[in-house]
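Asks: Sharing a structure, written as structure tokens. Questions coming.
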Amino acid sequence: MLERTRIQQALTTVEIGSTVTVMGWVRTRRDSKAGFSFIEVNDGSCLRNLQVIADRGLKNYQDEVLKIQTGCSVRVTGTLAASPAKGQEKELQAEEIEVLGWSGQDYPLQKKHHSFEFLRSIAHLRPRTNTFGAIARVRNATSMAIHSFFQERGFVYVHTPIITGSDCEGAGELFKVTALDLNHLPARQGEVDFEQDFFGRPANLTVSGQLEAEIYALALGNVYTFGPTFRAERSNTSRHLAEFWMVEPEMAFCDLQGNVDLAVDFLKYVFDYVLEKCLEDLNFFEERIDPGVIKNMESMVSQEFARITYTEAVDILSKAQAEFEFPISWGEDLQSEHERYLCERVFRVPIVITDYPKEIKPFYMKMNDDLRTVRAMDLLVPRVGEIIGGSQREDDYDRLLQRIEESHLDPEDYWWYLDLRKFGTAPHSGFGLGFERLIQLITGMNNIRDVIPFPRTPGNVGF
Ligand code: 4AD
Ligand code: MG
């Protein structure tokens with residue numbers, strides 16, 4: 001590896017007067033009449049650029065330095081000096097500049113401000129912008145926060161499979177996985193013969209690691225999985241992706257209350273962590289994307305979250321002085337307009353809604369004694385809406401079997417899941433946090449397509 005100092009270090013811990021070598025990509029070059037040039041270099045280690053002063057005395061000044069354009073990659077060795085310029089403490093007085101990779105007028109990132117829509121069309125270059133560099137660093141820090149929260153509490157990180165034979169949510173929004181030749185499908189009695197397929201039966205990409213996480217929770221106690229999940233739902237909204245990341249803790253010997261408590265502590269911990277680790281990037285989002293994001297996070301750390309039942313929520317909504325596109329009545333699922341109304345107008349803090357009607361929730365949620373509602377929980381936050389969904393799990397064999405049948409699923413597909421209720425069943429609970437929705441909340445980014453490096457949505461699989 002080539003020896004280099006990261007710009008983040010050069011700007012913070014490295015002392016003025018030191019000789020350093022930095023490598024990065026040129027953002028801009030300006031030439032002064034006095035016979036030297038300013039070159040702004042960014043290496044992605046932090047938001048800020050390092051300003052390089054290139055004097056005409058450099059041996060390649062005329063032939064190369066004056067040809068440097070936006071997008072070039074460079075290696076610069078020089079002395080860190082106190083900067084006379086406003087807004088920066090240090091600059092680099094170049095003793096040697098080497099162009100590692102040239103760029104040209106056709107480099108797409110010429111303007112200072114490109115639309116996010118345009119940037120989505122150049123996903124291979126957009127991480128070189130301030131916004132997408134900052135998002136990548138925030139995603140990184142948030143991932144670390146998630147791992148450290150669970151690790152500090154003794155949760156075991158379990159890698160659940162991406163290819164599965166089951167449909168956790170029972171919603172049928174599955175991407176199929178096959179090695180069959182789609183133009184020549186083997187048939188048997190008028191249907192595709194999956195026995196000839198790679199796995200000998202239909203397979204799909206997972207919509208959630210929950211069911212497998214339950215297996216491990218009922219052996220190891222507290223576990224979590226954190227990985228990609230896939231949903232073939234045709235929701236073309238600013239909050240849905242076909243491929244997104246989900247964090248799913250699962251706890252044995254834990255009821256719904258304990259589950260809600262963990263979710264609240266978890267979010268607060270993550271906000272606290274990013275506020276501490278990513279302040280420079282967060283200030284950028286505050287100034288350029290969404291004034292208020294920092295304060296919003298700080299207040300979520302200190303506020304009590306509201307806790308209400310679905311029945312109470314419907315009660316509030318049906319008395320509300322508001323025009324809803326979808327009228328609400330008991331038994332209907334809450335639409336995002338209802339969730340936002342509760343969060344942004346009524347409570348003005350994050351809300352946990354529990355105990356939904358069983359018909360609108362998946363088969364695995366534990367039935368309440370009223371036999372009408374299940375021990376579900378959704379955690380809603382202002383602006384983003386539902387960020388977490390979870391429940392206590394049905395741990396009674398007969399009731400689970402009944403719910404599988406009522407949901408028109410085949411009990412034979414879930415024999416192993418039923419087994420867990422036959423051998424040493426135990427109360428257990430868990431939830432799933434949509435990682436990209438969390439990043440939207442942290443950064444204030446409006447569209448979920450812009451908080452994941454390579455968004456996959458209906459009609460868009462990228463390169
Ligand atoms: O509410 P969901 O569907 O819950 C589950 O999948 C459970 N199996 C989780 C569990 O209990 N272990 O999804 C959980 C979260 C949602 O609250 C939302 O934040 C996010 O995943 N999510 C999506 N994010 C982006 N794009 C989509 N299409 C999403 N669908 C769900
Ligand atoms: Mg949900």
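The values are calculated or read from the model by the stated rules, or taken from the named source; none is laboratory data. The structure displayed is predicted, hence computed values, not measured ones. Glycine gets a Cβ as well: all are built from the backbone with ideal geometry, and neighbour counts include every protein chain shown.
Asks: May I ask you to say which residue of GLU248, GLU214, GLU276 is within 13 Å of ligand 1 (Cβ to nearest atom), of a type in the set (D, E, K, R) and over 17 Å from the mean Cα position of the chain (by Cα)? Step through it out loud before you land on a result.
Replies: Numbers: GLU248 fails: over 17 Å from the mean Cα position of the chain (by Cα); GLU276 fails: within 13 Å of ligand 1 (Cβ to nearest atom).
Exactly one of GLU248, GLU214, GLU276 is within 13 Å of ligand 1 (Cβ to nearest atom), of a type in the set (D, E, K, R) and over 17 Å from the mean Cα position of the chain (by Cα), namely GLU214.
Asks: Is there any pair with a first residue in segment 116-140 that is farther than 20 Å from ASN283 by Cβ and a second that is in a helix (DSSP H, G or I) and aromatic (Phe, Trp, Tyr) whose Cβ atoms are under 6 Å apart and which are 6 or more apart or on different chains, and what are they?
Replies: ARG126/PHE132
Asks: Take GLY200 and decide whether it is loosely packed, with under 15 Cβ neighbours inside 10 Å and either in contact with a Cys (Cβ under 7 Å, 6 or more places away or on another chain) or at pLDDT 95 or above (or both). So that I can check it myself, show each step before the final result.
Replies: Values: loosely packed, with under 15 Cβ neighbours inside 10 Å: yes; either in contact with a Cys (Cβ under 7 Å, 6 or more places away or on another chain) or at pLDDT 95 or above (or both): yes.
When the stated conditions are applied, GLY200 passes them.
Asks: Every residue in segment 377-417 that is surrounded by fewer than 16 Cβ atoms within 10 Å (Cβ to Cβ) and hydrophobic (A, V, I, L, M, F, W, C), please.
Replies: TRP415, TRP416
Asks: Take TYR273 and decide whether it is part of a helix (DSSP H, G or I) and closer than 19 Å to VAL138 by Cα. Break it down into steps so the answer makes sense when it comes.
Replies: On the way: part of a helix (DSSP H, G or I): yes; closer than 19 Å to VAL138 by Cα: yes.
For TYR273, the condition - part of a helix (DSSP H, G or I) and closer than 19 Å to VAL138 by Cα - is met.
Asks: Look at segment 47-96 and say how many of its residues are in contact (Cβ under 8 Å) with a residue 40 or more places away in the chain, in a strand (DSSP E or B) and farther than 17 Å from ALA10 by Cα.
Replies: Looking only at that region, the number is 2.
Asks: Being at pLDDT 95 or above, within 24 Å of TYR157 (Cα to Cα) and within 16 Å of ligand 2 (Cβ to nearest atom), is that true of even one residue in segment 408-430?
Replies: Yes, because at least one residue in segment 408-430 is at pLDDT 95 or above, within 24 Å of TYR157 (Cα to Cα) and within 16 Å of ligand 2 (Cβ to nearest atom).
Asks: Give the residue that is nearest to ALA217 (Cα to Cα), with candidates limited to residues of segment 230-257 that are loosely packed, with under 15 Cβ neighbours inside 10 Å and either not assigned by TED's automatic domain parsing to the domain that holds GLY444 or not charged (D, E, K, R) (or both).
Replies: The extreme case among them is PHE253.
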